[in-house]
Amino acid sequence: MPSSCRECGSSNVVRDDLYLESQLVCEDCGTVLEEGQLTTTLSEEAKSRSVPYHRSTQANKTPCRNLLAGFSRVRALCRILRLSSSMESEVVNLFERAYNHPNFLHATLMTKEILGGCCILFVCRQCNWPVAMGTVSYLLGMDSPSMGPVYQELTKSLNIKTSTQSITDLLESFCYEFKLRPEQVDEVLSESPQQLVDRTSALIEVAAEGWIVTGRHPLPLLMAAVYVAWQSLNPKARMKYTFSVFCQIGKAPEQAWRRSKETVMKRLSELREVLCKLGRQLPWLRGTTVEPNTVATLVDDILKNHQMLLLRAVRNYEEQLKNETLKTESTPSPGTTHDCCNEPSENHTDPPKVTDPDQVENSPDKETSDTELPPNHWGKRHLFLPPCVKNCKRQRVDQPQMEVTGDEEISDSEIESYIRSQAEIDMYLRAQNELE
């Protein structure tokens, strides 16, 4: 009889009698170490037949086997993520507590499998390991939306508090997963991981000032920032490569972009929109329009002066709103007439032209000035807004239902519309006679 498990090294090895076959099983990881032989002697077979078979005994073994299989699955995921032995033991203990909890005891096998991934994610966050929910769900073959409710139920049922993880904690390990070193791709497309980390970190800081990071999943935003950073480090040679081509060149992690490509493209457009707002404030452009597809050429200048550009963009936007308000108040009503001989008043004079390039007025943000926000909404006064304000959901207004009781008065005209005329009666009788 082996004294320890060859898979996990545990000494907790027991003998499990499965029907007529005896097995040595490790209770910690569920590995079958040694299998016995079927009974061949007449006495052993008669002894086994004399023992009555109880379904309750087999039913009691089933949860134990599922728990052992769960331990094996959890340990395998921990080794894939290269967690330390102490973290692995914490994950196993947490999974055992959650598995035996009444809220998960009668859950489906799929929920229990997701539960193991949630335990890994919780321990990784407690130890400040750069592992995202999308990575764990990809290893499990599940979707992130199905993993979120189980994770919330885990923390609520066991009354445990999870630590928040910043997007910058995932940045370095995420950038190093791209295969963009000089020995891996062409020299024009290659980029050192540390330089990519520095540029992406600066873009994430600008995105945080533009409220893009607030309440968002980290992986799609990181993917968009890495793509813009890679383009901006050599824009002349890399502007022609699309996002999908970049993912194929750098062999990006599949869980980071293929399953959530639509979300990544939304984060990419939002990041480029913030860069365009700041790029329009560069003095040497003198109010030239900045397009999202070409803003990567200005990223280097924007990042060097982004604090000054941010203040200037907010100031110019407030001045423009103030001028528009004064112009609206000074506009005469359609019935108002002025004497052509009198000089125009101060309210009707055109505003002076701005010659300073630092005070060039830019067009207001379309997303905040169109139909998404009400006319008198406070968000109209700000250039950068959180996503929950810009994309606020409209309240559902239920249409009033008509209550018909049958006691309503019926007008004479409505009664006459239901009475047949003599011509209609004759036509109906002729048609009935012809059919007969």
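The values are calculated or read from the model by the stated rules, or taken from the named source; none is laboratory data. A quick note: this is a predicted structure, and the numbers were derived from the prediction, not measured. In this analysis, Cβ positions are derived from the backbone assuming ideal geometry, glycine residues included, and neighbour counts consider all displayed protein chains. Quick note on the areas: whole protein, heavy atoms, side chains included, nothing else; ligands and nucleic acids left out. Shrake-Rupley method; radii C 1.70, N 1.55, O 1.52, S 1.80 Å.
Do we find that Thr294 is touching a His at 6+ places or on another chain (Cβ under 9 Å) and either on the phi > 0 side of the Ramachandran plot or touching a residue at least 12 places away in the same chain (Cβ under 8 Å) (or both) in this structure? Against the criterion (touching a His at 6+ places or on another chain (Cβ under 9 Å) and either on the phi > 0 side of the Ramachandran plot or touching a residue at least 12 places away in the same chain (Cβ under 8 Å) (or both)), Thr294 does not qualify.
Evaluating Val197 against the criteria (1) of a type in the set (Val, Ile, Thr); (2) closer than 22 Å to Glu183 by Cα; (3) in contact with a helix residue (DSSP H, G or I) (Cβ under 7 Å, 6 or more places away or on another chain); (4) open to solvent by 40 Å² or more (accessible area, probe 1.4 Å) leaves one unmet condition, (4). Inspect all residues belonging to the range 246-254 and state whether any of them is over 20 Å from Tyr176 (Cα atoms) and free of Cβ contacts under 8 Å to residues at least 12 places away in the same chain. Scanning the range 246-254 turns up no residue that is over 20 Å from Tyr176 (Cα atoms) and free of Cβ contacts under 8 Å to residues at least 12 places away in the same chain. Residues in the range 265-295 that are surrounded by 22 or more Cβ atoms within 10 Å (Cβ to Cβ) and under 26 Å from Glu177 (Cα atoms): Arg267, Leu271, Leu275, Val295. Within the range 251-267, which residues are in a helix (DSSP H, G or I) and at pLDDT 85 or above? Passing the criteria: Lys261, Glu262, Thr263, Val264, Met265, Lys266, Arg267.
No other residue among Leu196, Leu189 is at pLDDT 90 or above, of a type outside the set (Phe, Trp, Tyr), more than 17 Å from Val299 (Cβ to Cβ) and more than 22 Å from the chain's Cα centre (by Cα) apart from Leu189. Within the range 157-179, restricting attention to residues that are farther than 27 Å from Tyr227 by Cα and at pLDDT below 80, the residue that is surrounded by the most Cβ atoms within 10 Å (Cβ to Cβ) is Thr162.
Listed by first and then second residue, the pairs linking a residue in the range 102-114 that is within 17 Å of Tyr138 (Cα to Cα) to a residue that is exposed (fewer than 12 other Cβ atoms within 10 Å of the Cβ) and at pLDDT below 85, with Cβ atoms under 7 Å apart and 6 or more places separating them unless they lie on different chains, form an empty list. Assess whether Leu154 counts as being open to solvent by less than 50 Å² (accessible area, probe 1.4 Å), more than 24 Å from Ile249 (Cα to Cα) and not hydroxyl-bearing (Ser, Thr, Tyr). Yes; evaluated as a whole, the condition is true for this residue.
If you check Glu7 against the conditions, is it at pLDDT 75 or above, surrounded by 14 or more Cβ atoms within 10 Å (Cβ to Cβ) and either of a type outside the set (Gly, Ala, Ser) or more than 18 Å from Gly117 (Cα to Cα) (or both)? Judged against the criteria, Glu7 is not a match. One residue stands out in the range 227-263 among those that are farther than 22 Å from Ile302 by Cα and hydrophobic (A, V, I, L, M, F, W, C): the one that is surrounded by the most Cβ atoms within 10 Å (Cβ to Cβ), namely Ala256.
Against the conditions (1) surrounded by 16 or more Cβ atoms within 10 Å (Cβ to Cβ); (2) in a loop (DSSP other than H, G, I, E, B), Val136 satisfies every one except (2).
Taking (1) within 29 Å of Leu278 (Cα to Cα); (2) in contact (Cβ under 8 Å) with a residue 40 or more places away in the chain in turn, Ile204 satisfies each apart from (2).
The lone criterion from (1) open to solvent by 80 Å² or more (accessible area, probe 1.4 Å); (2) more than 15 Å from Thr111 (Cβ to Cβ) left unmet by Glu191 is number (1).
For Trp211, the criteria (1) open to solvent by 50 Å² or more (accessible area, probe 1.4 Å); (2) part of a helix (DSSP H, G or I); (3) among the hydrophobic types (A, V, I, L, M, F, W, C) hold in every case but one, which is (2).
Here is a yes/no grid of residues against (1) of a type in the set (Ser, Thr, Tyr); (2) at pLDDT 85 or above; (3) in a loop (DSSP other than H, G, I, E, B); (4) surrounded by 15 or more Cβ atoms within 10 Å (Cβ to Cβ):
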{"position": "Asp16", "(1), (2), (3), (4)": "no, no, no, yes"}
{"position": "Leu24", "(1), (2), (3), (4)": "no, no, no, yes"}
{"position": "Cys29", "(1), (2), (3), (4)": "no, no, yes, yes"}
{"position": "Thr57", "(1), (2), (3), (4)": "yes, no, no, no"}
{"position": "Thr62", "(1), (2), (3), (4)": "yes, no, no, no"}
{"position": "Leu68", "(1), (2), (3), (4)": "no, no, no, yes"}
{"position": "Leu77", "(1), (2), (3), (4)": "no, yes, no, yes"}
{"position": "Glu88", "(1), (2), (3), (4)": "no, yes, no, yes"}
{"position": "Asn103", "(1), (2), (3), (4)": "no, yes, no, no"}
